[in-house]
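Participant: Would you mind keeping the following structure in view while I ask a few things?
The values are calculated or read from the model by the stated rules, or taken from the named source; none is laboratory data. Small disclaimer: the values here were computed from a predicted structure and weren't measured. Note that we place each Cβ from the backbone using ideal geometry, even for glycine, and neighbour counts take in every protein chain shown. For accessibility, only protein heavy atoms count, side chains too; no ligands or nucleic acids. Shrake-Rupley method; radii C 1.70, N 1.55, O 1.52, S 1.80 Å.
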Amino acid sequence: MKAMRAHQFGGPAELRFEDAPDPKAESGQLLIRVRAAGINPTDIMRLSGRFPQPFPLPYIPGIDVAGEVEAVGTAVTGFKKGDKVMGWAVGGGYAEKACLVAGEAAPLPPSLSFAEGAAIPIPFYTAYHALHARARLKSGETVLISAGAGGVGVAAIQLAKAAGARVITTVGSEEKAERTRALGADHVINYRTEDFAAEVQRLTGGKGGEVVIESVAADNLAKDFAVVAPGGRIVLIGTGTGKPPEATFNVSTAIRKDATLHAMVVFNARALVP
């Protein structure tokens, strides 16, 4: 098969379009013909070599994929050759073929294209886990979603609205503001021109939001504790693409708010994906 592979870590410039061995569906896996693959910040981090556990070289990026089942491994039920599916790839999706763990794959709804399907897995699994498994979002609560125009933000806005929440989100441009409003965000704050912490306080009458979904903790964590409501929950899902892994906050503020800080990575939630 053809694949985009890197023989050394660095960045996208290291990728080469070349021949690679065909993957084989092991027990519990599906082999799919990849029709679309997403671009995920995790792919960029893995390709950089800065991932805590570097992946073996040559490396094929591509976590989020959609395609057609070509073969099913032993112990797989519910899928057959020709089915259209989406999920996260085992061994890299920037290739003509990839494997998925059958228990984590999902049928591609007829209303969605392959490209739309490839945009769903990691962003929507992450957003769902953050909102429901970690934050325990309730109908009527206010949630602040940082980086609302990013992959997880786009998913979190829609899922939070479906759960009956009031959504405040931050973006960096008017184009992104229009996009997030179209997705259902109730209030959109341009963090480049407005103090988002002050604006959240204004919009909530000084109470703050019960839930904060934070994708850019390197920049925002200190302000998150300022804007979260007493007894609220902050869920960390990232420091921001290309941002340093450190973040600081005022412990006294966190204590006064009686706030709960959750951290998560979707790969630890694999058992919950089905």
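Participant: Please work out if Ala119 is open to solvent by 40 Å² or more (accessible area, probe 1.4 Å), out of contact with any Ser or Thr (no Cβ under 6 Å at 6 or more places or on another chain), in contact (Cβ under 8 Å) with a residue 40 or more places away in the chain and among the aliphatic types (A, V, I, L, M). Steps first, answer last, please.
Facilitator: Values: open to solvent by 40 Å² or more (accessible area, probe 1.4 Å): yes; out of contact with any Ser or Thr (no Cβ under 6 Å at 6 or more places or on another chain): yes; in contact (Cβ under 8 Å) with a residue 40 or more places away in the chain: yes; among the aliphatic types (A, V, I, L, M): yes.
When the stated conditions are applied, Ala119 passes them.
Participant: Here's something else I'd like to know. Please work out which one of (1) open to solvent by 50 Å² or more (accessible area, probe 1.4 Å); (2) in contact (Cβ under 8 Å) with a residue 40 or more places away in the chain; (3) in contact with a Pro (Cβ under 8 Å, 6 or more places away or on another chain) is the condition Gly238 fails and give its number.
Facilitator: The single condition Gly238 does not satisfy is (1).
Participant: Restricting attention to the stretch 21-41, report how many residues are under 18 Å from Thr74 (Cα atoms) and either within 22 Å of the chain's Cα centre (by Cα) or open to solvent by less than 40 Å² (accessible area, probe 1.4 Å) (or both).
Facilitator: Adding up the residues that qualify gives 7.
Participant: What number of residues within the stretch 241-267 satisfy the criterion of being open to solvent by less than 50 Å² (accessible area, probe 1.4 Å) and farther than 29 Å from Gly164 by Cβ?
Facilitator: Within the stretch 241-267, residues that are open to solvent by less than 50 Å² (accessible area, probe 1.4 Å) and farther than 29 Å from Gly164 by Cβ number 1.
Participant: Follow-up. Among the listed residues Lys223, Lys161, identify the single one that is under 21 Å from His129 (Cβ atoms) and open to solvent by 50 Å² or more (accessible area, probe 1.4 Å).
Facilitator: Going through Lys223, Lys161 in turn, just one is under 21 Å from His129 (Cβ atoms) and open to solvent by 50 Å² or more (accessible area, probe 1.4 Å): Lys161.
Participant: Filter the stretch 127-158 for residues that are in a loop (DSSP other than H, G, I, E, B) and either open to solvent by less than 10 Å² (accessible area, probe 1.4 Å) or of a type in the set (D, E, K, R) (or both) and give the result. First the steps, then the outcome.
Facilitator: Here is the first cut: in the stretch 127-158, the residues in a loop (DSSP other than H, G, I, E, B) are 135-141, 146-150.
Answer for the stretch 127-158, where residues must be in a loop (DSSP other than H, G, I, E, B) and either open to solvent by less than 10 Å² (accessible area, probe 1.4 Å) or of a type in the set (D, E, K, R) (or both): Ala135, Arg136, Lys138, Glu141, Ser146, Gly148.
Participant: Is it the case that the stretch 173-196 has a residue that's without any contact (Cβ under 8 Å) to a residue 40 or more places away in the chain, touching an Asp or Glu at 6+ places or on another chain (Cβ under 6 Å) and not aromatic (Phe, Trp, Tyr)?
Facilitator: Checked the stretch 173-196: at least one residue is without any contact (Cβ under 8 Å) to a residue 40 or more places away in the chain, touching an Asp or Glu at 6+ places or on another chain (Cβ under 6 Å) and not aromatic (Phe, Trp, Tyr).
Participant: Does Phe9 count as in contact with a Ser or Thr (Cβ under 7 Å, 6 or more places away or on another chain), open to solvent by 20 Å² or more (accessible area, probe 1.4 Å) and closer than 30 Å to Gly242 by Cβ?
Facilitator: Numbers: in contact with a Ser or Thr (Cβ under 7 Å, 6 or more places away or on another chain): yes; open to solvent by 20 Å² or more (accessible area, probe 1.4 Å): yes; closer than 30 Å to Gly242 by Cβ: yes.
Yes: the conditions hold for Phe9.
Participant: I'd like the residue in the stretch 69-96 that is in contact with an Asp or Glu (Cβ under 7 Å, 6 or more places away or on another chain) and in a strand (DSSP E or B) and, out of all such residues, is most open to solvent (accessible area, probe 1.4 Å).
Facilitator: Here the answer is Lys84.
Participant: Name the residues in the stretch 42-56 that are open to solvent by 80 Å² or more (accessible area, probe 1.4 Å) and modelled with pLDDT of 80 or more, would you? Give the derivation first.
Facilitator: Taking the stretch 42-56 and keeping what is open to solvent by 80 Å² or more (accessible area, probe 1.4 Å), we get 44, 50, 52-54, 56.
Within the stretch 42-56, Ile44, Pro56 qualify.
Participant: Moving to a separate point now. Only one of (1) surrounded by 15 or more Cβ atoms within 10 Å (Cβ to Cβ); (2) hydrophobic (A, V, I, L, M, F, W, C); (3) modelled with pLDDT under 95; (4) part of a helix (DSSP H, G or I) is not met by Ala177, so which one is it?
Facilitator: All conditions are met except number (3).
Participant: I'd like the full set of residues that are touching a helix residue (DSSP H, G or I) at 6+ places or on another chain (Cβ under 9 Å), open to solvent by 50 Å² or more (accessible area, probe 1.4 Å) and among the acidic types (Asp, Glu), limited to the stretch 184-220.
Facilitator: Asp186, Asp195, listed by residue number.
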